[in-house]
Amino acid sequence: MWRSRPLLFVGKKLKPTAESGVHLVRRKWMSTVMSFGDGSQGALGLPSSTVGMGLDAYEPAPVPALPSDVVSVGAGHYHSLAITSNGHLWAWGRNNEAQLGRGLSSRESWNEPKRVVGLEHVKVCAAFASGVVSAAVLDDGSVWVWGKSKRGQLGLGKDITEAVAPSKVEALSGENIAKVSFGWGHALAVTVDGKLFGWGYSADGRIGEMGNHFEASPLDSTFRNNTQLSSSDLEVAEERVLQGMEKENNMPIIWEPRLVEELHGVQVVDIACGLDHSLILCRDGTLLSCGSNVYGQLGRAKQDLGIFPVDMNLSPISIAAGLGHSLAICQLAEVGTTNIASWGWNQSSQLGRSGPGNIPSLIEALAEENPVSVSGGRAHSLALTTKGEMWVWGSGKSGRLGLGSSVDEVEPFCLDSLEGFPILQAVSGFDHNLVLVAG
């Protein structure tokens, strides 16, 4: 029988978060994985007969090649992961960096889900991914990684930038890891007992004061030295990110996981990495942030580099991060009532509300919906509620909202095409989404 890995949460016991990759499972488990959004990298796992020549799926569609006992799904920026009830890990989507765990296979097979090679004789409990790296947490608490990253995301040692096959992160040996979260170049991991580790690209203090100094990222100056974006054109933002990345020479990199010393003695219960920022939720309910604050994604007036509290008079119980925006499910004063606070980049309405983006504020449209999980993509967001409903908002480009069009939604909109499906989990990659439903 499947045994899930524990995750720690503050306050009342909720269902696992959309990013947790962990779910309790009945002995006779039947499920279906559905996907929608941008299919250009094969992350949807759908045959061309389903999505047509456009590759994108504008409404949720079943992924046909997966086993019928998937218990958890995970979404990287451009690829997807699924875990079965017996701990087998499947992957599909972009494979330029060998992040599918099947070697550098031909492009024609990327959109077809297949088993990750090298983990056949172990039990995977949770899986997480960035754009170029994938990771699996086994039932013994160990972490295994594969892919390519010159920013140290593998955590395998100095100057190791490639792992075509799953490799154990030896620096975390002996630790019981509950969750891993990846940004574009950095990573965080939290143990079952609340210790926090960080590694990878360390600019902007996105993994704390590693190396005893802080260094600003060229990406920050790229944005600060240009005028603010005046439209929701994502290509403009992406072009500036690429310009900044070209300037990243002699990158400050932590090649192996290290304890985040600033939080020594503090119990961490949840983590979330955006592109270049991090969110850290502590057991006492304090929410911390660090890294880039170009979009106000740190949610605090204090602009100093480092780990500091988010400015909010709310009680967060789980967190998520998109490319440049942040999300937190908060326990409200009314017993059993929750809502989502959002802050950061809002050029495509991914905050689901109006008002200042740099100040954490509740999403009014979800005031009576009681969300239990939330996930953020490049420029869209999604949430599940206690009613089993899925709500989406933000950029609708390439069908990433699943509403049958490319129209943006400025406020959360209920995805009624999934009405009647018992939704167990929903996660977003950069531009695609995965939904796990029972049956």
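In the set Val407, Val427, Val437, which member is within 16 Å of the chain's Cα centre (by Cα) and either closer than 21 Å to Val70 by Cα or modelled with pLDDT of 95 or more (or both)? Step through it out loud before you land on a result.
Working: Val407 fails: within 16 Å of the chain's Cα centre (by Cα); Val437 fails: within 16 Å of the chain's Cα centre (by Cα).
Just one listed residue meets the conditions, Val427.
Quickly run through region 283-307 and pick out the residues that are of a type in the set (Gly, Ala, Ser) and over 24 Å from Lys195 (Cα atoms). Before you say what the answer is, go through the steps one by one.
So in region 283-307, the residues of a type in the set (Gly, Ala, Ser) come out as 285, 289, 291-292, 296, 299, 301, 306.
If the condition is that a residue be of a type in the set (Gly, Ala, Ser) and over 24 Å from Lys195 (Cα atoms), then Gly296, Ala301 are the ones that fit.
Would you mind telling me which numbered condition in (1) among the hydroxyl-bearing types (Ser, Thr, Tyr); (2) touching a Lys or Arg at 6+ places or on another chain (Cβ under 7 Å); (3) surrounded by fewer than 22 Cβ atoms within 10 Å (Cβ to Cβ) Thr286 fails?
(2)
Could you run through region 156-174 and say how many residues are among the acidic types (Asp, Glu) and over 22 Å from the mean Cα position of the chain (by Cα)? Break it down stepwise before answering.
Filtering region 156-174 down to residues among the acidic types (Asp, Glu) leaves 159, 162, 170.
Adding the requirement that they be over 22 Å from the mean Cα position of the chain (by Cα) leaves 159, 170.
Final tally of qualifying residues: 2.
What's the number of the only condition in (1) farther than 24 Å from Ser149 by Cβ; (2) open to solvent by 10 Å² or more (accessible area, probe 1.4 Å) that Ile317 fails to meet?
(2)
Every residue, every condition in (1) open to solvent by less than 10 Å² (accessible area, probe 1.4 Å); (2) in contact (Cβ under 8 Å) with a residue 12 or more places away in the chain; (3) in contact with a Pro (Cβ under 8 Å, 6 or more places away or on another chain), yes or no:
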residue: Ile253; (1), (2), (3): no, yes, no
residue: His277; (1), (2), (3): yes, yes, no
residue: Gly296; (1), (2), (3): yes, yes, yes
residue: Met312; (1), (2), (3): no, yes, yes
residue: Gly322; (1), (2), (3): yes, yes, no
residue: His325; (1), (2), (3): yes, yes, no
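Looking at region 370-386 only, could you name the residues that are out of contact with any Asp or Glu (no Cβ under 7 Å at 6 or more places or on another chain) and surrounded by fewer than 23 Cβ atoms within 10 Å (Cβ to Cβ)?
First pass over region 370-386, keeping only residues out of contact with any Asp or Glu (no Cβ under 7 Å at 6 or more places or on another chain): 370-374, 376, 379-384, 386.
Result: Asn370, Val372, Thr386.
Scan region 106-129 and give yes if some residue there is more than 20 Å from Ser35 (Cβ to Cβ), open to solvent by 10 Å² or more (accessible area, probe 1.4 Å) and of a type in the set (Ser, Thr, Tyr), otherwise no.
There is at least one residue in region 106-129 that is more than 20 Å from Ser35 (Cβ to Cβ), open to solvent by 10 Å² or more (accessible area, probe 1.4 Å) and of a type in the set (Ser, Thr, Tyr).
Just to be sure I understand, how many residues within region 74-89 are touching a Gly at 6+ places or on another chain (Cβ under 9 Å) and assigned to a strand (DSSP E or B)? Talk me through it step by step, then tell me what you get.
Our first condition is that a residue be touching a Gly at 6+ places or on another chain (Cβ under 9 Å); within region 74-89, this holds for 74-83, 89.
Going one step further and asking which of them are assigned to a strand (DSSP E or B), we end up with 74-75, 79-83, 89.
Qualifying residue count for the region: 8.
Looking at region 415-431, can you tell me whether even one residue there is out of contact with any Leu (no Cβ under 9 Å at 6 or more places or on another chain) and in a strand (DSSP E or B)?
Among the residues of region 415-431, not one is out of contact with any Leu (no Cβ under 9 Å at 6 or more places or on another chain) and in a strand (DSSP E or B), which makes the answer no.
Within region 139-168, how many residues are open to solvent by 10 Å² or more (accessible area, probe 1.4 Å) and either out of contact with any strand residue (DSSP E or B) (no Cβ under 8 Å at 6 or more places or on another chain) or of a type in the set (A, V, I, L, M) (or both)?
Total satisfying the criteria: 6.
Return the pair list, or none, for Cβ contacts closer than 7 Å from residues in region 55-73 that are outside any strand (DSSP E or B) to residues that are open to solvent by 70 Å² or more (accessible area, probe 1.4 Å) and among the hydrophobic types (A, V, I, L, M, F, W, C), at least 6 apart or on different chains.
Ser68/Met30; Asp69/Met30
Being touching a helix residue (DSSP H, G or I) at 6+ places or on another chain (Cβ under 9 Å), of a type outside the set (S, T, N, Q) and surrounded by fewer than 23 Cβ atoms within 10 Å (Cβ to Cβ) is true for just one of Leu44, Leu55. Which residue is that? Explain how you work it out, then say what you get.
Values: Leu44 fails: surrounded by fewer than 23 Cβ atoms within 10 Å (Cβ to Cβ).
Leu55 is the lone residue from the list that is touching a helix residue (DSSP H, G or I) at 6+ places or on another chain (Cβ under 9 Å), of a type outside the set (S, T, N, Q) and surrounded by fewer than 23 Cβ atoms within 10 Å (Cβ to Cβ).
Could you give every pair whose Cβ atoms fall below 6 Å, whose first residue belongs to region 20-38 and is open to solvent by 10 Å² or more (accessible area, probe 1.4 Å), and whose second residue is modelled with pLDDT of 65 or more and in a loop (DSSP other than H, G, I, E, B), counting only separations of at least 6 or pairs across chains?
Val25/Ser85; Trp29/Asp69; Trp29/Ser85; Met30/Ser68; Met30/Gly439; Asp38/Asp56; Asp38/Asp431
Please pick out the residue among Asn346, Asn433 that is of a type outside the set (Gly, Ala, Ser) and open to solvent by 20 Å² or more (accessible area, probe 1.4 Å).
On the way: Asn433 fails: open to solvent by 20 Å² or more (accessible area, probe 1.4 Å).
So the residue among Asn346, Asn433 that is of a type outside the set (Gly, Ala, Ser) and open to solvent by 20 Å² or more (accessible area, probe 1.4 Å) is Asn346.
Checking the structure you have, find out if any residue of region 260-270 is among the polar types (S, T, N, Q), open to solvent by 10 Å² or more (accessible area, probe 1.4 Å), over 23 Å from Val427 (Cα atoms) and assigned to a loop (DSSP other than H, G, I, E, B). Reasoning before the result, please.
Taking region 260-270 as the starting set, the residues that turn out to be among the polar types (S, T, N, Q) are 267.
Retained after the next criterion (residues that are open to solvent by 10 Å² or more (accessible area, probe 1.4 Å)): 267.
Those still in the list that are over 23 Å from Val427 (Cα atoms) too: 267.
Then keep just the ones that are assigned to a loop (DSSP other than H, G, I, E, B); that gives 267.
Yes, some residue in region 260-270 is among the polar types (S, T, N, Q), open to solvent by 10 Å² or more (accessible area, probe 1.4 Å), over 23 Å from Val427 (Cα atoms) and assigned to a loop (DSSP other than H, G, I, E, B).
May I ask you to verify whether Leu424 is closer than 21 Å to Glu59 by Cβ, in contact with an Asp or Glu (Cβ under 8 Å, 6 or more places away or on another chain), among the hydrophobic types (A, V, I, L, M, F, W, C) and open to solvent by 10 Å² or more (accessible area, probe 1.4 Å)? Before you say what the answer is, go through the steps one by one.
Working: closer than 21 Å to Glu59 by Cβ: yes; in contact with an Asp or Glu (Cβ under 8 Å, 6 or more places away or on another chain): no; among the hydrophobic types (A, V, I, L, M, F, W, C): yes; open to solvent by 10 Å² or more (accessible area, probe 1.4 Å): yes.
No; evaluated as a whole, the condition is false for this residue.
The values are calculated or read from the model by the stated rules, or taken from the named source; none is laboratory data. All figures in this text were calculated on a predicted structure; none of them were measured in a lab. Because the Cβ atoms are built from the backbone with ideal geometry, glycine has one as well, and the counts that use them run over all protein chains shown. Only protein heavy atoms, including side chains, enter the accessible area calculation; ligands, DNA and RNA are left aside. Shrake-Rupley method; radii C 1.70, N 1.55, O 1.52, S 1.80 Å.
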